[in-house]
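Student: Sending over a structure as structure tokens; questions will come in a sec.
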Amino acid sequence: MTRLHRALVLLLVPLLTFGAVASVVAQEEVNISHYFGGELNLENLNTVMANFTDASGISVVDSPIGHEDFKAGILAGVASGVLPDVFSYWAGARVQFVVDAGALQPIGAMWDAAGLDDVVPAGVADAATLYNGERYFVPFNIHYAAFFYNPKVWAEAGIEVPDSWEGLMDAFAEFEMQGIDPIALGSKFRWPGQFWFDYLLLRTAGPDYRAALMAGDASYEDPEVVHAMTVWQSLIDAGYFVDGANAYDWVDAADQVANGQAAVTLMGTWIGGHWKGDGLVPGEDYDFFEFPPVHPHLHIDVPQAGVGPIDGWVMTANADPASAGALMEFLVNDVDTQTLWNTSFGSISPNVNVDPMAYDVVAAKAGASIANAAVYAFNYDLATTPPVAECGLDMFSAFMDDSSDIAATLATTQACAEEGFMQ
Amino acid sequence: MKLSLKASQRLWTFAFLVVPLSLYFVVVIGPLLATAWLSLTNYTFSAFASPEFAGLVNYQRLTGDDYFHTSLYNTLIWMVAALVLPTGGGLILALLLHGRVRGANVFKSLFYLPITISMIVIAQTWQWMYQPDWGLLNTLLKTIGVEKWKVFWLSTRGLALGAIIFAWSWQQVGLSMVIFLAGLTSLPGEMLEAAQIDGANYRQSLRRIVIPLLLPSSVVVIALAVINSLRSFDLVWVLNEGGSGSSTLAVQMYRETFKSLRAGYGSAVSMVLFAIAAVIIVIYFRRVRRLEHLYD
């Protein structure tokens, strides 16, 4: 062996060794993407991921993007085949969409090996994790949409929290008379308006009809939808919504309720995470009541559904199932993780081993509401396909701008939805 | 075989151009051709299937799409505004700050500063300015006693687009100012002195000498402003996602492609945008060539 050869070998051995070590290290890494930004508990997610790395030795490479941009970004990633190993997603039509695109891999083996059947209640597991007969999703938290309010503002106004539609209308009228906007809505980025459509349709037409509409088996021009929109229109015409709802985002609406400018906002339990971050005390500074039955004397058979998203995680087709699966199992199965995440986010844990006493009074109440709901329905933009969801979100925003012509609004949405369902 | 000097120069020129031209093809020409092709297909992200040729269907559809008409109209409005606000504003600032003005450098820096800031940060800043309850503008209105004029800057039809264009112009005006200042610095002093000796006042000098001689700078400023106006996406998206009638072609292109997942249709919108930009760029280069001949 010449000197030159020896020198080359001496150079190559450490390089190859480093490369081998580096490749082993690289395998112990999970790339993730998610939509949990600053006001959506990002700080605690970072803690959770750090805890996972400490427990498993697997590092997590995080690339968070904005909540709304995530929706477009992940679908572009699915189309281009460039995806992280694991990403956060919403149970329902969104997961179904990427499952049908072949972008995800089933997690049934991990689910069974970890015994998650004993951890996640069957109802949640069946509704959120199963797609085309296989498991693809681990739930991370459950949210519930309801009327959030500031109890001090209601007490000062001398108004009782209502448990009926008529009571709610009376309360709104009284707040209006006292110079307080009855309803805060921040629909600048469209999605907050969906809870009004969801609840009004669920309360008047029922969950079965609403499921048919979400699946494209019913029309936006049906009398059921027209009726729900007419009720919504009557609230707008009565001047119950804040002026310029499309000028505000959901955080603005939350602030309007917190500072007594408005009486209620229809929002998910993540609003509690935002308010707690501002130092508000659950039960004292904020609380919620359920969306009451609408015209119960006309629709006595309508089951009372609850609405909200289930956030969770999915594993992409090219991910290493060992490391990615370890992370997914940790996220749902580790009780400390579930407790930290859900108690700070205002949500309910899908893990039955989380101590119910860990929840604050508002979150505990939300858990009871979910348990008591006849049906738990995913909110509009998670219940129908992404292209159709765009049609509806446009409608809600446009409706807050101009609610005068329901027939024309619904005809436009139906035409858009028909095209969306064909995609 | 020994190459002639001319052949050798050509060979080297070609060798140096191969890499940049290849890159240009990969990152500009290739995607352009791919987009043109996609615009003739029915491709949707959600089908996750190969694009199928659909002829001019997407372009036919554009003619009956009200949202597209609004986006096109708004884009043209924005282009016209780009000719007036940043260009005119930049010229006025340059004229005010040219020469021996006390603290001119500080003001120049302040006016130029926004151009160095990311458009997303600019958008967030103006989001706060336009916030209806506690934003700076409505707070000012409140302070001077006109609280009942609470303005919903970003959600009122007819006002939202103007508010967004104003925020954009605020950023762009610094760039125009710097280019005009460079033009003013290169003006021949003896010509202005001669005009002064001949009795021309400031207004006459400005109209007859300064502005005509700033023509090359004006062409650059106008071209940059108009081309930047065509790229108006990020500011609109962050401020109100193109709601309340403020959508532009760039916003519609994004919405159709990445939100509604109609990649074929979104590509057709982007080709319209490209066509407008191409016309402006051709006019710009022809103008520059004419100016070069003039100065030669």
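Student: When chain A is modelled as a GNM with alpha-carbon springs shorter than 10 Å, which of A:271, A:310, A:74 fluctuates the most?
Tutor: Greatest mean-square fluctuation among the candidates belongs to A:74.
Student: Put a dot 7 Å past each Cα toward the Cβ at residue B:279 and residue B:7; how far apart are the dots in nm?
Tutor: With each label point 7 Å from Cα toward Cβ, the separation is 4.8 nm.
Student: Restricting to Cα pairs below 8 Å that are 6+ residues apart, what does the relative contact order work out to for segment B:66-295? Please round to a whole percent. Intermediate values should be presented prior to the final figure.
Tutor: Numbers: 253 pairs, mean separation 67.2, N = 230.
Rounded, it is 29 percent for segment B:66-295.
Student: Counting helices only, and only those DSSP H runs with n ≥ 4, report the 222 nm mean residue ellipticity of chain B as the sum of -39,500 (n - 2.57) divided by its residues, in deg cm²/dmol to the nearest 500.
Tutor: Details: 14 runs with 198 residues, N = 296.
After summing the helix terms and dividing by residue count, I get -21500 deg cm²/dmol.
Student: Got a number for carbon plus sulfur as a percent of the protein assembly as shown's accessible area, 1.4 Å probe?
Tutor: 62
Student: Given a cut-off of under 8 Å on Cα pairs at least six residues apart, what relative contact order in percent is computed for segment A:140-229?
Tutor: That works out to 16 percent.
Student: Follow-up question, since we're still on this one. For residue A:243 and residue A:226, compute 0.36 nm times the residue count separating them, minus their Cα-Cα distance, and round to one decimal in nm.
Tutor: Answer, rounded to one decimal: 3.8 nm.
Student: If you rank A:295, B:293 by how much accessible surface each has, with a 1.4 Å probe, what is the order from largest down?
Tutor: B:293, A:295
Student: Please work out the C-alpha center-to-center distance from segment B:143-206 to segment B:61-100 and express it in whole Å.
Tutor: The two parts, judged by their Cα centres, are 13 Å apart.
Student: Using a 1.4 angstrom probe, figure out how much accessible area segment B:83-137 has per residue, in square angstrom, rounded to the nearest whole.
Tutor: Per residue, segment B:83-137 has an accessible area of 59 Å².
Student: As I understand it, the value is the acute angle between the Cα axis of helix A:3-27 and the longest principal axis of the Cα atoms of chain A; what does it come to in degrees, rounded to 10?
Tutor: 30
Student: Please identify every one of the chymotrypsin sites (Phe, Trp or Tyr not before Pro) in segment B:131-168 that sits in a loop by DSSP and has no more than 14 other beta carbons within 10 Å of its own beta carbon. Could you put the intermediate results ahead of the total?
Tutor: On the way: sites: B:134, B:149, B:152, B:153, B:166, B:168; in loops: B:134, B:152, B:153.
Here the sparse-neighbourhood loop sites are B:134.
Student: Now for a different question. Tell me the accessible surface of residue B:63 in square angstrom (1.4 angstrom probe, heavy atoms of protein chains only), to the nearest ten.
Tutor: 100
Student: Let me ask something additional. Kindly point out which whole DSSP H helices in chain B project their C-alpha atoms 20 angstrom or further along the helix axis while averaging a Kyte-Doolittle hydropathy of 0.5 or above. Can you show the working numbers first?
Tutor: Working: long enough: B:5-24 (28 Å, 0.93); B:66-97 (45 Å, 1.32); B:160-185 (38 Å, 1.52); B:215-230 (22 Å, 2.08); B:263-295 (46 Å, 1.09).
Helices meeting the span and hydropathy rule in chain B are B:5-24, B:66-97, B:160-185, B:215-230, B:263-295.
Student: Using a Gaussian network model on chain B with a 10 Å cutoff between Cα atoms, which of B:84, B:106, B:220 fluctuates the most?
Tutor: Maximum among the listed residues: B:106.
Student: Using the Kirkwood formula on the Cα atoms of the protein assembly as shown, what hydrodynamic radius do you get, in angstrom to one decimal?
Tutor: Working: mean 1/r = 0.0342 Å⁻¹.
It is 29.2 Å.
Student: Can you give me the solvent accessible area of residue A:249 with a 1.4 Å probe, rounded to the nearest 10 Å²?
Tutor: For residue A:249, the solvent-accessible surface is approximately 40 Å².
Student: So how do B:77, A:236 rank on accessible area, 1.4 Å probe, biggest first, that is with the largest at the start?
Tutor: Result of the area sort, largest leading: B:77, A:236.
Student: Identify which of B:240, B:42, B:201 has the largest mean-square fluctuation in a Gaussian network model of chain B, with springs joining Cα atoms closer than 10 Å.
Tutor: Of the options given, B:201 has the highest mean-square fluctuation.
Student: Working with all protein chains in place, sort B:187, B:40 by solvent-accessible area computed with a 1.4 Å probe, largest first.
Tutor: B:40, B:187
Student: Same structure, new question: Between residue B:125 and residue B:192, what FRET efficiency comes out of the Förster formula 1/(1 + (r/R0)^6) with R0 = 41 Å and r the beta carbon distance, rounded to 0.05?
Tutor: According to the calculation, E is roughly 0.55.
Student: How about segment A:219-268: which of its residues lose at least 10 Å² of accessible area in the presence of all protein chains relative to their chain isolated, using a 1.4 Å probe?
Tutor: In segment A:219-268, residues shielded by partner chains: A:243, A:244, A:246, A:247, A:248, A:252, A:261.
Student: Any chance you could look up the accessible area of residue A:134 with a 1.4 Å probe, heavy atoms only, rounded to 10 Å²?
Tutor: Here the residue's solvent-accessible area equals roughly 90 Å².
Student: What is the angle, in °, between the Cα long axis of helix A:386-401 and the longest principal axis of the Cα atoms in chain A? Nearest 10 is fine, range 0 to 90.
Tutor: Value to nearest ten degrees: 40.
Student: Oh, and also: Whole Å is fine, so just give me how far the alpha carbon centre of segment A:119-179 lies from that of segment A:228-307.
Tutor: With segment A:119-179 and segment A:228-307 each reduced to a Cα centre, they are spaced 8 Å.
Student: Place a point 7 Å from Cα of residue A:173 in the direction of its Cβ. Which residues in segment A:204-248 have their backbone N less than 18 Å from it?
Tutor: A:231-241
Student: What are the residues whose amide H is under 5 Å from the amide H of residue A:135, where those residues sit 5 or more places off or on another chain and H is modelled from the backbone?
Tutor: Close amide H contacts, sequence-distant or interchain: A:107, A:108.
Student: Between residue B:227 and residue B:136, what is the spin-label point distance in nm, taking each point 7 Å from the Cα along the Cα→C-beta axis?
Tutor: Placing both labels 7 Å beyond Cα along the Cβ direction yields 3.0 nm.
Student: Collect residues whose amide H, placed 1.01 Å from N in the peptide plane, falls under 5 Å from the amide H of residue A:304; neighbours closer than 5 in sequence don't count.
Tutor: Hits under the 5 Å cutoff: A:374.
Student: Same structure, new question: Would you work out the relative contact order for chain A, in percent, from Cα pairs under 8 angstrom that are 6 or more residues apart? Don't skip to the answer; put the middle values down first.
Tutor: Details: 695 pairs, mean separation 107.9, N = 423.
RCO, chain A: 25 percent.
The values are calculated or read from the model by the stated rules, or taken from the named source; none is laboratory data. Please read these numbers as outputs of a predicted model, since none were measured by experiment. Here the Cβ is made from the backbone with ideal geometry for all residues, glycine too, and neighbour counts use every protein chain on show. Surface accessibility is based on the protein's heavy atoms, side chains included, excluding ligands, DNA and RNA. Shrake-Rupley method; radii C 1.70, N 1.55, O 1.52, S 1.80 Å.
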